[in-house]
Amino acid sequence: MKEMYKKIIKIIKKYDKIVLARHISPDPDAIASQIALRDSIKLTFPNKEVYAVGTGVHKFKYLGALDKPDLSTLNNSLLIVLDVPNFYRVDGINGLEYDAILKIDHHPAEDIIGDVDWTDSTKSSTCEMIAELLLYSPLVMDTKIAEDLYIGMVFDSDRFLLPNTSTETLKTAYELVKTSNINFVNLYDNLYERSINEEKFRAYLINNIEITENRFGFIFVPSEDLKKYGVETTSVSNQVNDFYFIKELMCWMFVVYDERNDIYKANIRSRGPVINEVAAKYNGGGHKFASGCRTSDYKVIEALAKDLDAACKAYNDEENI
C-alpha cells in the first residue's frame, strides 16, 4: 500500500486547485471522507485551493460545512472522487473542467477510472481507506478529522456488525482512536440520536413491511406518510440497516418517492443473496449485500422487487433454507 500512498501524495502535490466530490444523497461515510480529506489537504498544503462540493444534508451538518466555489475558476484542477464508482452519481461537478482524477472508493469498480485509482471493495468504508492514508502518509490529521473518519467507519459498518468489517477495519479504528485520542463514545450521539417522530416512523416501517415466503421484504413509503410522521426521505435510508437481524428477512428493499426530484429511491440490503448484480439490471448498484437504485418509473421498482424475490428463492433453494 505504500506505493499507492506515494502516488496519491504525488498527484495531490501536483495540483494547486483541488475539488473533492462524492455521490448524490450522501451518507456519513461519503460526507465524512470528503470533508476529512479536504481538511487534511488544507492543513498539509495551506497554499492550495481545496473545495468539497455537492448538496449537503442537514442531519449530517455536524461533520462540517461544504463549499460553494465558482467552478468556472477552477480549470485544470484535480478532481478527487470519493465513495462513488459511476459518473452519473457524482454530485456537484457540473461545469468543472478538471485535468485529472484521483479516485478513492470501496465500491466495486464501474465507469470511473482515476489517473490514480485506489478502488478496494474489501474495505468497509471509504473513511476506512482515508483513515489508513492519513495514518500512514505525511498528510496531517487533527482531532476533528479523526472524529469524522471514525463516524464514517462506524456508519458504513453499522458499528462493526456487518460482514464488511475485517480485522483490518478494527485495526484501523484502533489506530485512529489511539493516535488522535478522540472520545469515540460521545460520537455515537450524532449518529444514533433520534426524535420520537423517527422512532414512531420506525414502528411504521416494521408494521407495514411485506415479507414474501422467500423472505424478501418490501415497503413503499408514500410522501403523505413521511409528512404524517414529520420525517424526511433520508429517514428511510437511515433505518434500512435496523432490519438486519430480523430472522424472517433474507433481503429487503425500502422505497421512497422524492417529490422534489420526481424520482423513486430504493435502498436494498441482504443477508445472503448477492443484490448489486440485480440492482445493476435497473441502472442501480453498490455492494454485494448493500445496494440501491433510482428511477422515475415505478414499474422499474416493481420489476426490481420481483427479481429480488427470485434471488431470495434461488438462494434459499441452494442453501436449503
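Points worth noting:
- Near pairs, Cβ below 6 angstrom, 6+ apart or cross-chain, from segment 197-223 (basic (Lys, Arg)) to any residue that is surrounded by 14 or more Cβ atoms within 10 Å (Cβ to Cβ) and part of a helix (DSSP H, G or I): Lys200/Tyr229; Arg215/Cys312
- The numbered conditions (1) closer than 23 Å to Ala109 by Cα; (2) touching a Phe, Trp or Tyr at 6+ places or on another chain (Cβ under 9 Å); (3) hydroxyl-bearing (Ser, Thr, Tyr) are all true for Ser235 except (1).
- Residue match in segment 96-108 (condition: under 18 Å from Lys123 (Cα atoms), in contact with a Gly (Cβ under 6 Å, 6 or more places away or on another chain), in a helix (DSSP H, G or I) and not polar (S, T, N, Q)): no
- Residue in segment 137-153 that is farther than 17 Å from Met4 by Cα and touching a Pro at 6+ places or on another chain (Cβ under 8 Å) present: yes
- Selection within segment 177-196 - touching an Asp or Glu at 6+ places or on another chain (Cβ under 9 Å) and among the aliphatic types (A, V, I, L, M): Ile182, Leu187
- Reported count of residues in segment 1-60, each being outside any helix (DSSP H, G or I), more than 16 Å from Leu135 (Cα to Cα) and either not acidic (Asp, Glu) or not assigned by TED's automatic domain parsing to the domain that holds Ser180 (or both), is 23.
- So Ile246, is it β-branched (Val, Ile, Thr) and more than 21 Å from the chain's Cα centre (by Cα): yes
- Only one entry of Val19, Val57 meets the criterion of being crowded, with 19+ Cβ neighbours inside 10 Å, in contact (Cβ under 8 Å) with a residue 24 or more places away in the chain and not small (Gly, Ala, Ser), and that entry is Val19.
- Just so you know, in segment 52-98 the residues that are among the basic types (Lys, Arg) and closer than 21 Å to Gly286 by Cβ include one that is modelled with the lowest pLDDT, and it is Lys59.
- Qualifying residue in segment 105-121 (condition: more than 23 Å from Lys7 (Cα to Cα) and touching a Pro at 6+ places or on another chain (Cβ under 9 Å)): no
- Of the residues making up segment 181-231, those that are of a type in the set (Gly, Ala, Ser) and more than 26 Å from Met250 (Cβ to Cβ) are Ser195, Ser223, Gly230.
Residue by residue, here is whether (1) in the same structural domain as Ile31 (by TED's automatic domain parsing); (2) out of contact with any Ser or Thr (no Cβ under 9 Å at 6 or more places or on another chain); (3) modelled with pLDDT under 95 holds:
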position	(1), (2), (3)
Glu128	yes, no, no
Asp142	yes, no, no
Ile145	yes, no, no
Tyr150	yes, no, no
Phe155	yes, no, yes
Asp158	yes, no, yes
Thr167	yes, yes, no
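- From the options Leu161, Leu139, residue that is exposed (fewer than 13 other Cβ atoms within 10 Å of the Cβ) and part of a loop (DSSP other than H, G, I, E, B): Leu161
- Residue count for segment 80-129 satisfying the condition of being at positive phi and either surrounded by fewer than 17 Cβ atoms within 10 Å (Cβ to Cβ) or acidic (Asp, Glu) (or both): 2.
- Residues of segment 211-262 satisfying the condition of being among the β-branched types (Val, Ile, Thr) and over 27 Å from Phe60 (Cα atoms): Ile211, Thr212, Ile246
- Those residues of segment 155-214 which are more than 28 Å from His107 (Cα to Cα) and among the acidic types (Asp, Glu), in sequence order: Glu198, Glu199, Glu210, Glu213
- Among residues of segment 171-187, those that are in a helix (DSSP H, G or I) and either outside the structural domain of Lys123 (by TED's automatic domain parsing) or within 14 Å of Cys127 (Cβ to Cβ) (or both), counted: 8
- Some residue of segment 28-45 being touching a residue at least 60 places away in the same chain (Cβ under 8 Å), touching a Pro at 6+ places or on another chain (Cβ under 8 Å) and closer than 24 Å to Lys123 by Cα: no
The values are calculated or read from the model by the stated rules, or taken from the named source; none is laboratory data. Owing to the predicted nature of the structure, the values given are computational and were not obtained by experimental measurement. Glycine also receives a Cβ, built like all others from the backbone with ideal geometry; neighbour counts cover every protein chain displayed.
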